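> Before I ask anything, here is the structure I am working with.
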Amino acid sequence: MALYICLKDSKSSYEWHMGNSSPISHEQVRDVVEIQADGDELELIEDEMGDTVLMHGGRVVRWFGDDARFIMGRIHQLCIKK
């Protein structure tokens with residue numbers, strides 16, 4: 001499955017899969033307005049950030065605004081560490 005990323009003022013969306021580098025730069029994290037996760041990527045968010053972000057349950061979860069930016073910033077950090 002995947003993590004889908006939408007940026008403000010962008011007609012493009014980005015897709016991220018575990019094991020790959022971040023599809024957006026560190027500077028672009030501040031422009032994230034929405035993310036959607038399912039599968040392994042959702043499981044990663046639950047495992048790494050389940051105590052700090054609201055988990056909605058279900059097979060596909062969407063976050064907006066500050067929550068989306070926080071999650072994407074953390075994922076960006078995890079991608080750099082590998």
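The values are calculated or read from the model by the stated rules, or taken from the named source; none is laboratory data. Values in this document were obtained by computation on a predicted structure and should not be read as measured data. Here Cβ is always computed from backbone atoms with ideal geometry, including for glycine, and neighbour counts include all displayed protein chains.
> Residue check: is V53 among the β-branched types (V, I, T), at pLDDT 90 or above and farther than 20 Å from M1 by Cα?
Working: among the β-branched types (V, I, T): yes; at pLDDT 90 or above: no; farther than 20 Å from M1 by Cα: yes.
Against the criterion (among the β-branched types (V, I, T), at pLDDT 90 or above and farther than 20 Å from M1 by Cα), V53 does not qualify.
> Looking at segment 40-68, which of its residues are over 18 Å from I80 (Cα atoms), touching a residue at least 24 places away in the same chain (Cβ under 8 Å) and either touching a strand residue (DSSP E or B) at 6+ places or on another chain (Cβ under 9 Å) or of a type in the set (A, V, I, L, M, F, W, C) (or both)?
L42, V60, V61, R62, W63, F64, G65, A68
> A follow-up question, please. Restricting to segment 2-17, what's the tally of residues that are surrounded by 16 or more Cβ atoms within 10 Å (Cβ to Cβ) and either touching a residue at least 24 places away in the same chain (Cβ under 8 Å) or part of a helix (DSSP H, G or I) (or both)? Please lay out each step first, then the result.
First, the residues of segment 2-17 that are surrounded by 16 or more Cβ atoms within 10 Å (Cβ to Cβ): 2-7, 14, 16.
Add one more test, that the residue is either touching a residue at least 24 places away in the same chain (Cβ under 8 Å) or part of a helix (DSSP H, G or I) (or both), and what stays is 2-7, 16.
The total comes to 7.
> Name every residue in segment 31-68 that is of a type outside the set (V, I, T), part of a helix (DSSP H, G or I) and within 20 Å of H17 (Cβ to Cβ), in order of residue number. It would help to see each step written out before you state the result.
Within segment 31-68, the first condition is being of a type outside the set (V, I, T), and the residues that meet it are 31, 34, 36-44, 46-51, 54-59, 62-68.
When the remaining residues are screened for being part of a helix (DSSP H, G or I), the result is 31, 39-44, 46-49, 65-68.
Of everything in segment 31-68, those that are of a type outside the set (V, I, T), part of a helix (DSSP H, G or I) and within 20 Å of H17 (Cβ to Cβ) turn out to be G39, D40, E41, L42, E43, L44, E46, D47, E48, M49, A68.
> Taking into account only those residues within segment 24-50 that are farther than 13 Å from R74 by Cα and small (G, A, S), which is surrounded by the fewest Cβ atoms within 10 Å (Cβ to Cβ)?
G39
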